[in-house]
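Input: a single structure, listed below in structure tokens.
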Amino acid sequence: MANLARVRSSVGAGVRTATIDAAMDPKSDSKLKYVIMFGAPVIAGVALYWYMSRRKAVSVKKTVTSSPRDNQKTDIRTDNQRKVDDQINSKDPNENALGYKNKGNMFFQNKKYEEAVTCYTEAIKVCPTNETAMLSTFYQNRAATYENLQMYDNVIEDCNKALELNKRYSKAYFRRAKVWDRRGELLKCLEDATFCTIIEKFLHQPALQLANKMLKLLGTQQAKEIYNTRKPTPPSSPFIRNFLRSFVEDPVIIDLNAKRNNLPQENDQGPPSGYNLALQDLIAEDWNAVDPHCTEEIEKNQNKEKIDKALILRAGFSIITGKVAEALADINILLSRKNVDIKVRVNGLIKKATAELHCERLEDSLTTFQEAIELDPNNADIYLHKGQVLMLMDVVDETINNFSTAVSLRPDFVSPNVQLAYTEFRAGVRFANAELQNRGKKRFEECLKKFPNDSEVMFMYSQLMMGLGEYDLAEKYLNEIVKLDPKDSTGFVHLGILALQARHDVAGAVDLMQKAIEIDSKCQLAYETLGSLYMQTGRSLESIALLERGIALAQTEAEIAHLIGLKTTAEIQMKASEILGSDLPLFPISSSMN
């Protein structure tokens, strides 16, 4: 939850004709399709008007003569039938095959699907084997007919044959994808729908929607399995630092700051306890040692106050390493204990609400925040973290109100100050509210003066400037961040994103993102962003390797699912290049990598 805005900001036709072939195509914009859709009601209305008029004029005559227009339609049908018959009787095998295909189209139009299948089958039989384009169309048309007959094995078989003859036949890919969807074959459906979108240069909306649906289902399915079986690891150091600084009223953070400043602490006589060792681990950024030392304090069971603090510290680290069940277990133990310090109990409730958010239990999370407010209404930490949940829920007014409350309670608390400024400015832009936008900008300027060397303020301001196209100013503040802390890997990632967005400098972006990985091998953002960039530039193998490392570091099922989606897309893109050729459009990932 810490610095949520910072974490979240980084992180996503064939030729048209008026033939039956076009009408069979769900994407088709043919006139024939509009006649089929809208013609009948109009004709019915005209017929009624004509009948009533005739009834008034001629009450005795009962025989209605055909109109010239009806005769014209009959003539057109007769002409078309004559042409088809001529083609079928032709000695030219190509014309012969086209005749059977066109006759099949007529049956298809009239929903006589079994007769249509017979005609398409005859077309396939008589068509010369070297006419691959014609044959692929006949197979695809027969597949469309089988689809209407719900003979799905036949649909797949005919689509396979159409694609053997024409590997870039987008209609066949999409038709087969729909059958895979019916059968729950997620990956096969995704591959076919994606091939269709690539061939159609990402303009085939139904295929795009189907591909997105499959990506989401596959990602969710695989993420759950990975999340439940992997060994959790702490995230990158910048992430943990941001998490810790999102609490100013947490007794653990108060003890940590006292230890940093060498201030005397109560009950510190004798050898250091497990809790005190955990505080030293936080100072040394020895993140892997925090949990074991908290466990040592809890199991020793000698000092109640330190046990309570060890429980909330261990719970916090469990949350950020993805062990949400363990975090909730520690918090529930804490909340069941008697005579717990009010600040410790409230911090436990904040972390409980955060864990509930990770479980996508938003209403439970808000209820838990309300319980914390009732216990300690003047605790600024509650309003910061509640505001971040409301931000995720896109409840803008309440987000601003909660950040404002946190600022009023603790004017020296950096996170709510800068997040309030950012939220006000972005909301002002989004809702065309100049007053709110100006207020956010003014608040940002105050933050820069009030917290001149704070990386969070500079980072959020740089993001704002990038959004406004003020790239020089954004770059200035990002450079200040990495100057203040050369180990801040996320700063280098965002400098890489800026290089892409401002200058389209792919090589420069790659260098900066690789530097971020060299600095911090656990920088998930770097793996995700560089992996996405490699996918966009056709370096699929490298993209897949980076995204796999990102998946191993992701902390939530949602993050894992997102990264699995990117990795699967890269795998399919690589397969598409092998099958369809290298001259394919690449996935249109935004240069901002948002």
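The values are calculated or read from the model by the stated rules, or taken from the named source; none is laboratory data. Worth saying up front: this structure is predicted, and the values here are computed from it rather than measured. Ideal geometry is used to build each Cβ from the backbone, glycine not excepted, and the neighbour counts take in all protein chains shown.
Of note:
- Subset of the stretch 373-388 (residues that are surrounded by 24 or more Cβ atoms within 10 Å (Cβ to Cβ) and closer than 10 Å to L349 by Cα): I382
- Of all the criteria given as (1) buried (at least 24 other Cβ atoms within 10 Å of the Cβ); (2) under 24 Å from the mean Cα position of the chain (by Cα); (3) under 22 Å from K231 (Cβ atoms), the one not satisfied by L313 is (2).
Yes or no, residue by residue, for (1) touching a strand residue (DSSP E or B) at 6+ places or on another chain (Cβ under 9 Å); (2) more than 26 Å from G322 (Cβ to Cβ); (3) surrounded by 15 or more Cβ atoms within 10 Å (Cβ to Cβ); (4) of a type in the set (A, V, I, L, M, F, W, C):
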residue: S236; (1), (2), (3), (4): no, no, yes, no
residue: D250; (1), (2), (3), (4): no, no, yes, no
residue: N262; (1), (2), (3), (4): no, yes, no, no
residue: L282; (1), (2), (3), (4): no, no, yes, yes
residue: V290; (1), (2), (3), (4): no, no, yes, yes
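- Being on the phi < 0 side of the Ramachandran plot, among the basic types (K, R) and at pLDDT 95 or above is a property that holds for R549.
- E326 falls short on exactly one of the conditions (1) surrounded by fewer than 20 Cβ atoms within 10 Å (Cβ to Cβ); (2) more than 31 Å from the chain's Cα centre (by Cα), and that condition is (2).
Quick grid of which residues meet (1) touching a Gly at 6+ places or on another chain (Cβ under 7 Å); (2) aliphatic (A, V, I, L, M):
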{"residue": "L512", "(1), (2)": "yes, yes"}
{"residue": "A516", "(1), (2)": "no, yes"}
{"residue": "S521", "(1), (2)": "no, no"}
{"residue": "Q536", "(1), (2)": "no, no"}
{"residue": "R539", "(1), (2)": "no, no"}
{"residue": "S543", "(1), (2)": "yes, no"}
{"residue": "E548", "(1), (2)": "no, no"}
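- Selection of the stretch 343-389 for residues being closer than 18 Å to T405 by Cα and among the small types (G, A, S) yields A372, A380, G387.
- For the stretch 108-123, the set of residues classified as under 43 Å from the mean Cα position of the chain (by Cα) and of a type in the set (A, V, I, L, M, F, W, C) consists of F108, A116, V117, listed by residue number.
Conditions tested, residue by residue: (1) out of contact with any Ser or Thr (no Cβ under 7 Å at 6 or more places or on another chain); (2) modelled with pLDDT of 95 or more; (3) farther than 26 Å from L244 by Cα; (4) not hydrophobic (A, V, I, L, M, F, W, C).
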position: P411; (1), (2), (3), (4): yes, yes, no, yes
position: K450; (1), (2), (3), (4): yes, yes, no, yes
position: V457; (1), (2), (3), (4): yes, yes, no, no
position: L464; (1), (2), (3), (4): yes, no, no, no
position: Y477; (1), (2), (3), (4): no, yes, no, yes
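- Every condition in (1) surrounded by fewer than 19 Cβ atoms within 10 Å (Cβ to Cβ); (2) closer than 15 Å to V418 by Cα; (3) aliphatic (A, V, I, L, M) holds for L473 except the one numbered (2).
- Filtered residues of the stretch 322-345 (kept if touching a Phe, Trp or Tyr at 6+ places or on another chain (Cβ under 9 Å) and not in a helix (DSSP H, G or I)): G322, K323
- So M458, is it farther than 24 Å from D394 by Cβ, within 29 Å of the chain's Cα centre (by Cα) and in a helix (DSSP H, G or I): yes
- For the stretch 272-287, a tally of residues being assigned to a helix (DSSP H, G or I) and touching a Ser or Thr at 6+ places or on another chain (Cβ under 8 Å) returns 2.
Residue by residue, here is whether (1) farther than 24 Å from Q501 by Cβ; (2) modelled with pLDDT of 90 or more; (3) in contact with a Pro (Cβ under 8 Å, 6 or more places away or on another chain) holds:
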residue: S532; (1), (2), (3): no, yes, no
residue: S540; (1), (2), (3): no, yes, no
residue: K567; (1), (2), (3): no, yes, no
residue: E571; (1), (2), (3): yes, yes, no
residue: A576; (1), (2), (3): yes, yes, no
residue: D583; (1), (2), (3): yes, no, no
residue: F587; (1), (2), (3): no, no, no
residue: N594; (1), (2), (3): no, no, no
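- Of the helices (runs of 4 or more DSSP H) lying entirely inside the stretch 490-566, those containing at least 2 residues that are aromatic (F, W, Y) span 524-536.
- Residue list for the stretch 168-211, filter: among the hydroxyl-bearing types (S, T, Y) and either in contact with an Asp or Glu (Cβ under 9 Å, 6 or more places away or on another chain) or surrounded by fewer than 23 Cβ atoms within 10 Å (Cβ to Cβ) (or both): S170, Y173
Quick grid of which residues meet (1) closer than 20 Å to Q140 by Cα; (2) of a type in the set (A, V, I, L, M):
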{"residue": "F174", "(1), (2)": "yes, no"}
{"residue": "K178", "(1), (2)": "yes, no"}
{"residue": "K188", "(1), (2)": "yes, no"}
{"residue": "A193", "(1), (2)": "yes, yes"}
{"residue": "T197", "(1), (2)": "yes, no"}
{"residue": "E200", "(1), (2)": "yes, no"}
{"residue": "L215", "(1), (2)": "no, yes"}
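- Qualifying residues in the stretch 393-437 (those that are more than 28 Å from the chain's Cα centre (by Cα) and of a type in the set (D, E)) - the one nearest to L366 (Cα to Cα): D412
- Residue in the stretch 260-273 that is within 18 Å of the chain's Cα centre (by Cα) and closer than 30 Å to K351 by Cα present: no
- Scanning the stretch 476-513 for residues that are surrounded by fewer than 22 Cβ atoms within 10 Å (Cβ to Cβ) and among the acidic types (D, E) gives E480, D485, D505, D511.
- For the stretch 125-155, the tally of residues that are within 34 Å of the chain's Cα centre (by Cα), closer than 14 Å to K171 by Cβ and of a type outside the set (D, E) stands at 4.
- The stretch 377-403, subset polar (S, T, N, Q) and outside any helix (DSSP H, G or I), residue nearest to V414 (Cα to Cα): N379
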